[in-house]
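What follows is a single structure, written as structure tokens, with notes after it.
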Ligand code: NDP
């Protein structure tokens with residue numbers, strides 16, 4: 001904290017993590033004795049760079065680009081790129097830190113990284129987005145490669161942006177290295193099922209939590225914050241499996257309908273028209289709308305899925321959810337619950353699926369994309385989805401098993417952190433500690 005006082009999100013993530021793996025450190029002191037703890041909180045490399053681009057009015061614009069190569073003990077750095085005005089060193093370090101253990105938990109050979117820019121894609125023309133992505137990649141290309149560091153999408157970075165960045169990388173290298181970036185369109189090396197993977201994966205994880213506690217997804221009521229990539233596909237899979245999604249939101253407000261929200265309408269508004277969630281009322285006037293987007297947590301539901309952004313669900317929201325009978329909370333977004341909110345859930349017997357585990361489906365399928373690129377193969381949607389289900393089941397099992405060693409198998413945060421940490425830390429020891 002003394003060295004980097006302006007990194008609150010990063011400090012929050014590290015503090016929660018270290019606290020939760022404390023029982024392991026007590027039992028196996030070699031992780032402290034061999035200096036692993038000190039190393040694991042320090043990124044291997046933090047890269048910042050200038051991104052200059054020309055807007056549609058011919059004006060030169062300058063943004064800052066970031067890539068944090070956090071840990072490569074178990075594989076090449078892997079993690080998304082976020083384009084959002086809030087992006088800074090703290091955010092990228094917190095995301096890269098979390099990504100390291102999330103990737104480890106998937107059981108696949110991928111290290112942790114994250115990156116992005118404070119560029120705001122909102123309101124930019126397609127040509128401006130293209131020029132920005134090309135300029136961003138011109139610099140980033142020096143540091144990445146299929147065996148070095150493999151970026152992907154995140155907030156503000158979807159298939160369009162990935163396409164522009166991949167095109168620029170190809171131009172610079174003069175070679176078709178498909179495995180350098182994931183989230184590509186399926187026509188040029190992308191994996192089928194990647195778009196759906198994080199949201200579907202969250203629901204597969206919730207299914208395991210429920211099954212293990214003799215509860216069912218079918219017939220449950222769910223509130224899902226956000227209406228972006230993760231939220232929409234979580235809503236879609238939950239509805240397909242017989243649950244009733246009653247609320248969702250965006251940055252301008254939330255909608256609620258106790259009879260259920262129609263996911264296809266949300267897709268039409270948010271994905272096709274790039275509109276506001278309020279427009280849902282034009283199609284389904286019996287729905288209620290409120291401009292207070294955090295108000296979604298006052299909706300009565302059995303399952304709450306925060307899928308929008310970090311720290312969107314605080315202690316007060318958690319208390320309201322518990323009062324209203326919530327039984328399961330799973331984090332589709334990264335760190336959406338504040339530490340105090342999480343405490344409320346754990347103290348009140350709510351089953352809690354932490355982000356690292358519950359939203360790992362996206363990166364897991366990204367790794368399947370890398371595997372298909374290496375083999376020059378293309379799997380069907382069903383093949384990918386089946387592998388995703390297996391991966392989510394095994395992540396759940398790993399969390400529970402790690403928790404059982406130290407706890408009574410209810411604290412999956414501890415389980416996810418311990419299981420993710422052990423694999424990375426053991427690899428670091430095996431590769432020699434300097
Ligand atoms: P998107 O940009 O596709 O969607 C984000 C959604 O959340 C948008 O609907 C946005 O509203 C809404 N939103 C943002 N802030 C708030 C808020 N405070 N209250 C209510 N709604 C809000 O992002 P993704 O779905 O891809 O990502 C969401 C989260 O999931 C992020 O934390 C990301 O890091 C994480 N994640 C994503 C993965 C992926 O595969 N996409 C993988 C793993 C984690 P609006 O439309 O108004 O902007």
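The values are calculated or read from the model by the stated rules, or taken from the named source; none is laboratory data. Predicted model only: the values in this text are computed from it and were never measured. Cβ placement follows ideal geometry from the backbone for every residue including glycine, while neighbour counts extend to all protein chains displayed.
Details
- With respect to (1) in contact with a helix residue (DSSP H, G or I) (Cβ under 7 Å, 6 or more places away or on another chain); (2) within 12 Å of the ligand (Cβ to nearest atom), the lone exception for residue 328 is condition (2).
- Matching residues, region 202-237, being at positive phi and within 16 Å of the ligand (Cβ to nearest atom): 226
- Looking across 172, 140, one residue alone is over 29 Å from residue 16 (Cα atoms) and surrounded by fewer than 24 Cβ atoms within 10 Å (Cβ to Cβ). It is 172.
- One residue stands out in region 350-381 among those that are assigned to a loop (DSSP other than H, G, I, E, B) and either farther than 25 Å from residue 216 by Cβ or in contact (Cβ under 8 Å) with a residue 60 or more places away in the chain (or both): the one that is nearest to the ligand (Cβ to nearest atom), namely 359.
- Within region 1-117, helices (runs of 4 or more DSSP H) holding 3 or more residues that are within 20 Å of the chain's Cα centre (by Cα), within 15 Å of the ligand (Cβ to nearest atom) and at pLDDT 95 or above: 89-105
- Among the residues of region 303-314, none qualifies, meaning not one is in the same structural domain as residue 233 (by TED's automatic domain parsing), out of contact with any strand residue (DSSP E or B) (no Cβ under 7 Å at 6 or more places or on another chain), at pLDDT 95 or above and assigned to a helix (DSSP H, G or I).
- Test: residue in region 323-334 that is part of a helix (DSSP H, G or I) and assigned by TED's automatic domain parsing to the domain that holds residue 232: yes
- Pairs, first on the phi > 0 side of the Ramachandran plot in region 302-319, second in a strand (DSSP E or B) and more than 11 Å from the ligand (Cβ to nearest atom), C-beta under 9 Å, six or more apart: 311/337
- Residues (part of a loop (DSSP other than H, G, I, E, B) and either at negative phi or crowded, with 24+ Cβ neighbours inside 10 Å (or both)) located in region 336-349: 336, 338, 348
- Residue 168 meets all of the listed conditions (1) more than 16 Å from the ligand (Cβ to nearest atom); (2) outside any helix (DSSP H, G or I) but one, namely (2).
- Extreme residue, surrounded by the fewest Cβ atoms within 10 Å (Cβ to Cβ), among residues of region 350-385 that are touching a strand residue (DSSP E or B) at 6+ places or on another chain (Cβ under 6 Å) and under 12 Å from residue 102 (Cβ atoms): 366
- Meets criteria (closer than 21 Å to residue 163 by Cα, at pLDDT below 95 and within 16 Å of the ligand (Cβ to nearest atom)) for residue 122: yes
- Count of residues meeting criterion [more than 16 Å from the ligand (Cβ to nearest atom) and buried (at least 18 other Cβ atoms within 10 Å of the Cβ)] in region 143-162: 2
- Residue 275 vs. criteria within 10 Å of the ligand (Cβ to nearest atom), outside any helix (DSSP H, G or I) and without any contact (Cβ under 8 Å) to a residue 40 or more places away in the chain: yes
- Residues located in region 238-257, provided they are surrounded by fewer than 20 Cβ atoms within 10 Å (Cβ to Cβ) and either in a strand (DSSP E or B) or within 14 Å of the ligand (Cβ to nearest atom) (or both): 244, 251, 252, 253
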